[in-house]
Amino acid sequence: MNIGDAAITAVFGYAVVFAGLLMLMAVLYCMGAFFKSKEAKSADEKSKNPVQTETKPEPAIEKPVAKGSAGRIKLYDVPDKEAAMIMAIVADTMKKPINELHFISIKEVK
Amino acid sequence: MDILETLKTLASESGFAGFLSIDGIKNLVMILISFFLLYLGIKRKFEPLLLVGIAFGCLLVNVSNFFSGGESSAEALYHPELWDAFLDHNSEFYHSYGHIMANGGLLDILYIGVKSGLYPSLIFLGVGAMTDFGPLLANPKSLLLGAAAQMGVFLAFFGAVCLGFTGEEAASIGIIGGADGPTAIFLTTRLAPHLLGPIAIAAYSYMALIPMIQPRLMNLLTTEKERKVVMTQNRTVSKTEKIIFPIVVAVFVILLLPSTAPLIGCLMLGNLWKECGVTERLSDTVQNALMNIVTVFLGISVGATTVGSRFLNWQTVGIIILGLTAFCFSTVGGLLVGKLMYKLSGGKINPLIGSAGVSAVPMAARVSQIEGQKANPKNFLLMHAMGPNVAGVIGSAIAAGFLLAVFK
């Protein structure tokens, strides 16, 4: 292969890579636009027709407390995982085993 | 029993007798190189999963060449002359895997997986199952950076032709700039199998050196102001989009360049298994068990091609230099288009993500993140850089497909 042919092949090859990925980009934009419009439509429909179903509140079933448990804890805007972490941190800071502590409630201060 | 005669026979048949031959010295040098590669892999942690295997394959094949009869000895683990006959159009054993199976050593048989393109494709299956294309879907402009970062491939190709390499050899050398080991191996086994050893070693070594090579170029080509740009968070991509993506890419790219079918097909199949949510077992297998098994075979059989008599020549030195050039120019290409996008977007795109367009996933993206955070501690570029990074995988497969279409 001579140098001239190599130069043409190199430029053409780089152009093919760009062209291929540009076309793929166009396809992905179309796909993205379709899904975005679909999402917007379903969000619109939800806001226009809020689901109105009358559901009777289910009677709270008192689950039995586990053996050795220090009782129940009330959580206000705190997910279970975070509550568990907070309890672990408190126990660690106080150098007390967690089963000797009684947490009554955890509330997120906003 | 004549003890003296027996000792003479043992001495002449032992590998140590071969030390003094010309090829024996070359094998000794290769054994020393294998020790150095083992040091890089184990102590310096340079792509250890592959480099340790390659280095040990190199050690085994060069030790086995000290047996009486050298490369053609029945005990040798790898027989280059069998592969010469396999590639020779005039040979009765042209493309005869049966001949290899019947007469080859252990490493010849393992090498069949490299020669047939099986291992690189299976590695791509695992890579697909491990890759999240979400950042690319959220920002399809990343594809431009992936394309730009193939600049080194074509510049090194041109440079190699200027240095006297054939078109096929130049194409195989250029693909080192794609920073994608399996693609480099796949292309080289098809176009210039005799250069597989140096090309694979150069590709994996430079990939391991990304954290040292790229930051200098990034600092050289970007200003402090550009590096400080904080990019806004990408949109969330739905599960359905992620499922449709591999199907669309497979159809589109394979139709565009049919020669990319083994690589892109496997990459996208692996990704579909990951995203579709009903084939978790398969996704887990290709990501872990299969990937590890193929890595074992790939490393050792690539190492087997580094026979002293064929590896130690000026071509290898040329490949090492051209490979580094390819790699640097690919980084430069990505950064330059990154800078262009910075200007066009009114300063919303950090050009550092351009260097991640070379497809070494996820190391190149990590380098963008580290450099971005050095300039501005509030900068989190990792997910933005993952877009060009995975685009680079597709880009280098397209570049390989093009070169294969031209030279095959």
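The values are calculated or read from the model by the stated rules, or taken from the named source; none is laboratory data. Since the model is a prediction, treat every value here as computed from it, not as a measurement. Heads up, the Cβs are rebuilt from the backbone with ideal geometry, glycines too, and the neighbour counts pull from every protein chain shown. Each accessible area value is taken on the protein alone, full model and side chains, heavy atoms only, with ligands, DNA and RNA left out. Shrake-Rupley method; radii C 1.70, N 1.55, O 1.52, S 1.80 Å.
Quick notes on this structure:
- Dipole-positive endmost among B:Val29, B:Phe133, B:Ser121 within chain B (Cβ charges, Cα centre): B:Phe133
- Of the GluC sites (Glu not before Pro) found in the range B:75-150, those in coil by DSSP whose Cβ has at most 10 other Cβ atoms within 10 Å are B:Glu92.
- Average Cα contact separation per residue, the range B:9-115, under 8 Å, 6 or more apart, as relative contact order %: 21 percent
- GNM top mover of B:Met30, B:Met212, B:Met341 - chain B, alpha-carbon springs below 10 Å: B:Met212
- Nearest-10 value in Å² for the accessible area of B:Ser91, using the 1.4 Å probe: 30 Å²
- For chain B: relative contact order, % (alpha-carbon pairs under 8 angstrom, 6 or more apart): 26 percent
- Tensor-based shape of the range B:193-338 (alpha-carbon gyration tensor, a/c under 1.5 rounded, otherwise prolate or oblate): oblate
- The simple spin-label model puts a point 7 Å past each Cα toward its Cβ; for A:Met85 and B:Ile293 those points are separated by 3.9 nm.
- The relative contact order of the range B:166-214, computed from alpha carbon pairs under 8 Å that lie at least 6 residues apart in sequence, is 38 percent.
- Net dipole in debye of the range B:9-115 [+1 Lys, Arg Cβ; -1 Asp, Glu Cβ; about Cα centre; nearest 20]: 660 debye
- Sequence-distant residues sharing a close amide H with B:His79 (under 5 Å, placed H): B:Gly105, B:Asp108
- Rounded to the nearest 20 debye, dipole of chain B from Cβ charges on Lys, Arg, Asp, Glu: 2260 debye
- Long pairs among B:Lys43/B:Lys242; A:Lys74/A:Lys95; A:Lys41/B:Lys141; B:Lys274/B:Lys378, criterion Cα-Cα beyond 27 Å: B:Lys43/B:Lys242; B:Lys274/B:Lys378
- Kirkwood-based Rg to Rh ratio, the range B:9-115, C-alpha trace: 1.03
- Set the Cα radius of gyration of the protein assembly as shown against 2.2 N^0.38 Å, with N its number of residues, and you get 1.20.
- Heavy-atom accessible area for A:Met85, with the other protein chains in place and a 1.4 Å probe, reaches approximately 110 Å².
- Ratio of the Cα radius of gyration of the range A:1-53 to 2.2 N^0.38 Å, where N counts its residues: 2.30
- Across B:Lys43, B:Lys343, B:Lys141, mean-square fluctuation computed from a Gaussian network of chain B (C-alpha pairs under 10 Å connected) peaks at B:Lys43.
- Taken along the Cα-to-beta-carbon direction at a fixed 7 Å, the label points for B:Lys348 and A:Asn49 span 3.5 nm.
- Proportion of all alpha-carbon pairs of chain B beyond 30 Å (%): 43 percent
- Taken as entire DSSP H runs, the helices of chain B that both span 27 Å or more between Cα atoms along their own long axis and average 1.6 or more on the Kyte-Doolittle scale are B:22-42, B:382-407.
- Magnitude of the charge dipole, the protein assembly as shown, Cβ model with Lys/Arg +1 and Asp/Glu -1, debye to 20: 2660 debye
- Largest GNM mean-square fluctuation across B:Ser309, B:Ser238, B:Ser121, computed for chain B with C-alpha springs under 10 Å, falls on B:Ser238.
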